[in-house]
1. Out of F138, F173, F199, F145, I need the residue that is modelled with pLDDT of 95 or more, in contact with an Asp or Glu (Cβ under 9 Å, 6 or more places away or on another chain) and among the aromatic types (F, W, Y). Which one?
2. Filter the stretch 156-177 for residues that are of a type in the set (A, V, I, L, M) and either under 8 Å from the mean Cα position of the chain (by Cα) or surrounded by fewer than 20 Cβ atoms within 10 Å (Cβ to Cβ) (or both) and give the result.
3. Which residue, of A49, A66, is among the small types (G, A, S) and surrounded by 14 or more Cβ atoms within 10 Å (Cβ to Cβ)?
4. In the stretch 119-164, what count of residues is obtained for those that are assigned to a loop (DSSP other than H, G, I, E, B) and of a type in the set (A, V, I, L, M)?
5. Being more than 12 Å from the chain's Cα centre (by Cα) and free of Cβ contacts under 8 Å to residues at least 40 places away in the same chain is the filter here, so list the residues in the stretch 124-136 that pass it.
6. Only one residue in R83, R33, R72 is open to solvent by less than 80 Å² (accessible area, probe 1.4 Å), among the basic types (K, R) and modelled with pLDDT of 95 or more, so which one is that?
7. Identify all residues within the stretch 178-223 that are among the aliphatic types (A, V, I, L, M), crowded, with 19+ Cβ neighbours inside 10 Å and over 12 Å from the mean Cα position of the chain (by Cα); write none if there are none.
8. If a residue has to be within 24 Å of the chain's Cα centre (by Cα) and loosely packed, with under 14 Cβ neighbours inside 10 Å to count, how many in the stretch 9-26 make the cut?
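The values are calculated or read from the model by the stated rules, or taken from the named source; none is laboratory data. None of these values were measured; they are calculated from a predicted model. Using ideal geometry, Cβ is built from the backbone for each residue, glycine included, and neighbour counts are taken over all protein chains shown. Note: areas computed on protein heavy atoms with side chains; ligands, DNA, RNA excluded. Shrake-Rupley method; radii C 1.70, N 1.55, O 1.52, S 1.80 Å.
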Amino acid sequence: MDKLEKWRGYVPDEELETYKKGGFGERIGMGERVALLNVDTTYMFVDPAYSMCGRDMTTVTDAVTALTQQFRTLNLPIYYSRRDDRSHPTYRGVWNYKLAAPDAFQYHSDPRADQWPDAYAPRPIDRIVLKNKPSCFFGTPLESFLRYDGIDTIVVCGISTSGCVRGAVSDAFAHNFRVIVVEEACGDRSPQAHKANLFDMDMKSADVESLAYVQELLSAKFA
């Protein structure tokens with residue numbers, strides 16, 4: 001199916017035509033060495049009890065679990081990102097101005113907030129990157145880790161689509177990695193922001209694909 005066609009009905013036809021004229025939305029595809037990048041799916045973001053997303057993320061975590069299990073079965077590398085220590089105002093930086101309560105306990109004194117659900121939690125063999133800004137590439141060694149492991153394609157899942165996922169995808173694209181975003185395995189506090197950012201990434205910097213499509217690609221290439 002034409003990549004633009006799947007967005008028909010969400011994006012007005014006249015707008016889709018402008019993307020088509022510009023040549024946007026072509027499929028990048030999967031390379032030879034693939035890694036999974038799990039962006040910030042800790043309890044802070046997947047448990048509605050926390051205010052950072054405040055939504056039921058069961059559909060997202062189910063998709064993340066299925067994707068993680070497949071990568072493990074295929075013995076493909078998995079990277080995780082989460083926030084670094086934000087107990088000091090300097091570590092938080094401009095978050096101090098943008099968040100209403102940047103020094104609230106959940107941001108730096110709740111150990112559960114930075115843990116992952118058991119269904120897809122990191123193993124000792126997995127890689128964990130700590131960050132203090134939305135993109136897990138900014139100010140971290142993630143790119144060097146990926147280059148060392150010979151990665152050319154990053155499959156991305158995580159939260160939130162409009163924030164940390166989008167930041168990671170933009171930087172991965174800037175570093176010339178092929179990027180595939182798994183639609184069902186990403187979530188946002190705003191469904192509208194989720195959809196809008198998926199569309200924009202699909203047009204400009206990544207392939208936004210269904211979980212079933214990505215699983216089929218992985219099985220065909222690496223099983």
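1. Values: F173 fails: in contact with an Asp or Glu (Cβ under 9 Å, 6 or more places away or on another chain); F199 fails: in contact with an Asp or Glu (Cβ under 9 Å, 6 or more places away or on another chain); F145 fails: in contact with an Asp or Glu (Cβ under 9 Å, 6 or more places away or on another chain).
From the options F138, F173, F199, F145, the qualifying one is F138.
2. V156, I159, V165, A168, V169, A174
3. From the options A49, A66, the qualifying one is A66.
4. 4
5. P124, I125
6. R72
7. Filtering the stretch 178-223 for residues among the aliphatic types (A, V, I, L, M) gives 179-182, 185, 193, 196, 198, 201, 203, 206, 208, 211-212, 214, 217-218, 220, 223.
Pick out the ones that are also crowded, with 19+ Cβ neighbours inside 10 Å and you get 179-182, 185, 198, 201, 203, 206, 208, 214, 218.
Correct list: M203, V214, L218.
8. Qualifying residue count, the stretch 9-26: 2.
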